[in-house]
Amino acid sequence: MASGSCGPTDNTEDAVGLPIPESAHANPEEEQLIAKARQIAEEVLLPNAERSDQAEGPNRENFRALAEAGLLGIALPKEYGGSNVSGETQRAITEILASACGVTTFVQAQHHGPSRMIANGPNPALKERLVPELAAGRMLCGVSFAHLRRPGPPVLRAEPVPGGYRLYGTAPWVTGWGLMNQVVFGATLPDERFVYVWVPAHREEFPELFEGLTPPDGDWGRYQASPPLRLCAMNASATVTLTLEGLFVPEAHRLQFSDRETLRCNDRKGVLGGTALPMGCAAGAVRLLCSLAEKRPIPAIRQSAEHFTQELARTRRAIAEWNARNNEPDFFEKAVRLRAHAIRLAVRAAHAAVAASSGAANLLSNPAQRLFREAMFYTVQAQTQEVMAATLQLLEEETLEDLLPPPETSA
Ligand SMILES: Cc1cc2nc3c(=O)[nH]c(=O)nc-3n(C[C@H](O)[C@H](O)[C@H](O)COP(=O)(O)OP(=O)(O)OC[C@H]3O[C@@H](n4cnc5c(N)ncnc54)[C@H](O)[C@@H]3O)c2cc1C
């Protein structure tokens, strides 16, 4: 058994002694889902992680396991078969899955937001047809909206036309293409507001949702998908660029309007949500360091395993505490720095796993290089201008000390 902080000490630690992500306010149903996530991570995702990472596309067996466990419906309302768990529980589940297999977790993460947008949308027919399928994981939904954050002329425009909209331009990043049979696009209207619309990959698959919705001129327009982008990390995520040439979207498939300021506010409010993936990656790297400490009797490896175990736990605590203090005036200033810290921790812990694995770290069959590349990807995933600035600043000078909230004082 590992000694020090690498060894299991009580039931707040997992099999290799890492403090486990938990949801402090989880109800019994949520606890059960967290337990299922842990089981699938250990028994299905982790044993195949290098194979999934090197595959041509998403590992469908992993998705089947997630669907069967109800983990693809966690953001969806119960009336449609989802479990509508809290944000805290969603983050805990994401972190657990990401500690085992980055690419599977990233691809499934894309599905939750757009599915919820459909469930919250104004069209009952769309909800009734799609949401039960999305909640059960029988269908998956992709999303393309990150380009809305870019300044300057929009890359994807929505032109209002009789009966709906026509989409023009490019959707630069669409993950899960082929696995997902539908996408929610965010596009910019001529008045600079945003519109989010639902688009199936193949209209013929949903004839009932297009009844009586033919474009007045009969021209549906077109879209074209690039071949899967060749990526150094997440290469198996089936990420493509879509080019849209006047694709017609009926008004009935509009989900919501928004604008740049709302997107900015939501990004700020949700800045800690983006810590779950890098924290999972860091946890995967710490797990690897702990097992290396067992296999290689080198004191520096054990020391590193113990250091990162502690740092992971402290960072997790800081994230949980700031999540609970999201109404405080300095929330965003601290939270964005904490997001950068989580990114940096994933990179440093994965780098430590590379160092502790020595030359073997370079083998594509070795988990250390996979975690290191995943950490690189999480550095830019869902990146806002403020997250980029905080990341770059931290890379100039790192400290966690002043991010820890002061202890509660009693009156
Ligand atoms: C493999 C992969 C898969 C992805 N999958 C998806 C997906 O399925 N769906 C999806 O929506 N997104 C996806 N993304 C996008 C991802 O979430 C990030 O948004 C993206 O990586 C940021 O890079 P970018 O080049 O698109 O951003 P950029 O457009 O360069 O922007 C990054 C940030 O910097 C800001 N910025 C850029 N230029 C300026 C400037 N001149 N002045 C001030 N601020 C500026 C932007 O506002 C933005 O907030 C994916 C990305 C990758 C790499």
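The values are calculated or read from the model by the stated rules, or taken from the named source; none is laboratory data. Bear in mind that the values here come from a model prediction, so they are computed numbers and not experimental data. Don't worry about glycine lacking a Cβ; one is built from the backbone with ideal geometry, like all the others, and counts go over all protein chains shown.
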Specify the residue that is farthest from residue 283 (Cα to Cα); the eligible residues are those in the stretch 337-366 that are assigned to a helix (DSSP H, G or I) and out of contact with any helix residue (DSSP H, G or I) (no Cβ under 7 Å at 6 or more places or on another chain).
359
Say whether the condition of being free of Cβ contacts under 8 Å to residues at least 24 places away in the same chain, within 25 Å of residue 323 (Cα to Cα), not aromatic (Phe, Trp, Tyr) and not in a helix (DSSP H, G or I) is met by at least one residue in the stretch 78-86.
yes
Looking at residue 120, is it more than 16 Å from the ligand (Cβ to nearest atom) and either within 22 Å of the chain's Cα centre (by Cα) or under 25 Å from residue 72 (Cβ atoms) (or both)?
yes
Residue 220 vs (1) without any contact (Cβ under 8 Å) to a residue 60 or more places away in the chain; (2) within 14 Å of the ligand (Cβ to nearest atom); (3) aromatic (Phe, Trp, Tyr): all pass except (2)
The stretch 24-83, residues that are surrounded by fewer than 18 Cβ atoms within 10 Å (Cβ to Cβ) and basic (Lys, Arg):
51, 60, 64, 78
Take the conditions among the aromatic types (Phe, Trp, Tyr), over 17 Å from residue 95 (Cα atoms) and in a helix (DSSP H, G or I) and apply them to residue 372. Does it pass?
no
Strands (runs of 3 or more DSSP E) contained entirely in the stretch 159-208, each with at least 1 residues that are free of Cβ contacts under 8 Å to residues at least 40 places away in the same chain and within 23 Å of residue 226 (Cβ to Cβ):
182-188, 194-200
Mind counting the residues in the stretch 123-145 that are touching a strand residue (DSSP E or B) at 6+ places or on another chain (Cβ under 7 Å) and surrounded by fewer than 20 Cβ atoms within 10 Å (Cβ to Cβ)?
1
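For residues that are farther than 15 Å from residue 292 by Cα and buried (at least 16 other Cβ atoms within 10 Å of the Cβ), scanning just the stretch 349-374, find the one that is nearest to the chain's Cα centre (by Cα).
374
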Being surrounded by 18 or more Cβ atoms within 10 Å (Cβ to Cβ) and either in the same structural domain as residue 378 (by TED's automatic domain parsing) or within 19 Å of residue 201 (Cβ to Cβ) (or both) is the filter here, so list the residues in the stretch 105-122 that pass it.
107, 108, 110, 111, 112, 114, 115, 117, 118, 121
Picking from 316, 302, 287, 254, the residue that is charged (D, E, K, R), away from the ligand (no atom under 16 Å from the Cβ) and under 27 Å from residue 58 (Cβ atoms) would be 287
Any idea how many residues of the stretch 92-117 are among the charged types (D, E, K, R) and either over 14 Å from residue 140 (Cβ atoms) or more than 16 Å from the ligand (Cβ to nearest atom) (or both)?
1
So, in the stretch 137-154, how many residues would count as being assigned to a loop (DSSP other than H, G, I, E, B) and among the hydrophobic types (A, V, I, L, M, F, W, C)?
3
